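One structure below.
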Amino acid sequence: MHATPATKASTKASTGTGAKAAVVAVDLHRGHLDPAVATMPVPPDQGAALLERVIPAFKALRAAGLPIVHVVTEYRDAGEIRSNPFWVSRQSPARARAMEHNLAGSPGLEIMPGLFAEGDRMVTGKKRYSAFLHTDLEFMLHSMGVKTVFLAGVNTNSCILSTAFEAVNRDFAVVVLEDCVDTMDGAEAHAHALEMVRLCLGEVSDSGRVARDFAGRERAS
């Protein structure tokens with residue numbers, strides 16, 4: 001679903017004059033998106049389609065002046081995963097290998113090819129759904145002067161939604177880039193998560209609109 005003109009206008013307003021924004025890319029790594037090594041895989045066709053959208057989107061967003069911060073899940077050992085009771089007791093088929101997911105030193109930690117570029121920033125050590133919990137993401141964003149976060153990545157209904165809630169709790173304006181998020185949990189979960197964002201957290205837009213908006217500001221300045 002494309003953003004409406006009203007959404008575009010409110011996205012402009014949310015950043016404020018002179019305020020900075022950044023893209024926060026959550027878990028766009030091989031552990032979800034590379035069928036050869038993924039331990040909690042997005043369906044392969046779905047993951048490939050997501051990458052086909054996100055790679056050019058990130059190039060356009062960088063060209064428009066938006067920095068990109070990549071956040072990657074990483075566990076020292078399976079005990080850090082097993083300490084979460086839900087992940088132990090309620091393993092869906094997509095989570096059948098959750099205890100192996102993104103352990104330190106595993107290939108799943110690598111950002112998918114084409115997504116990371118010179119000048120991008122990296123936050124590692126994410127251990128739960130929120131990209132803020134137990135990481136220095138908030139510190140990094142504040143040090144950059146960021147007031148608005150544009151969210152991209154997987155999974156829409158868990159990590160993206162949880163990160164959106166926590167961003168709002170920390171007084172960031174939130175915009176989820178609909179063309180740059182997806183989930184291994186199905187279309188219904190994806191749609192419900194986006195609706196929750198619209199209802200009580202922020203805006204849902206698309207990367208093309210955002211890139212054009214910020215590119216226009218750069219030209220105007």
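The values are calculated or read from the model by the stated rules, or taken from the named source; none is laboratory data. Keep in mind it's a predicted model, so treat the numbers as computed, not measured. Note that we place each Cβ from the backbone using ideal geometry, even for glycine, and neighbour counts take in every protein chain shown.
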Among helices (runs of 4 or more DSSP H) entirely within segment 142-221, at least 2 residues that are at pLDDT 95 or above and within 14 Å of the chain's Cα centre (by Cα) occur in 161-169, 187-200
Of the residues in segment 68-94 that are in contact with a helix residue (DSSP H, G or I) (Cβ under 7 Å, 6 or more places away or on another chain) and outside any strand (DSSP E or B), the one that is nearest to residue 31 (Cα to Cα) is 74
With the first residue restricted to segment 67-79 and required to be without any contact (Cβ under 8 Å) to a residue 40 or more places away in the chain, and the second required to be outside any strand (DSSP E or B) and surrounded by fewer than 20 Cβ atoms within 10 Å (Cβ to Cβ), Cβ contacts under 8 Å at 6 or more apart or on different chains are 76/104; 77/104; 78/99; 78/100
Within segment 162-184, of all residues that are over 23 Å from residue 45 (Cβ atoms) and among the aliphatic types (A, V, I, L, M), the one surrounded by the fewest Cβ atoms within 10 Å (Cβ to Cβ) is 168
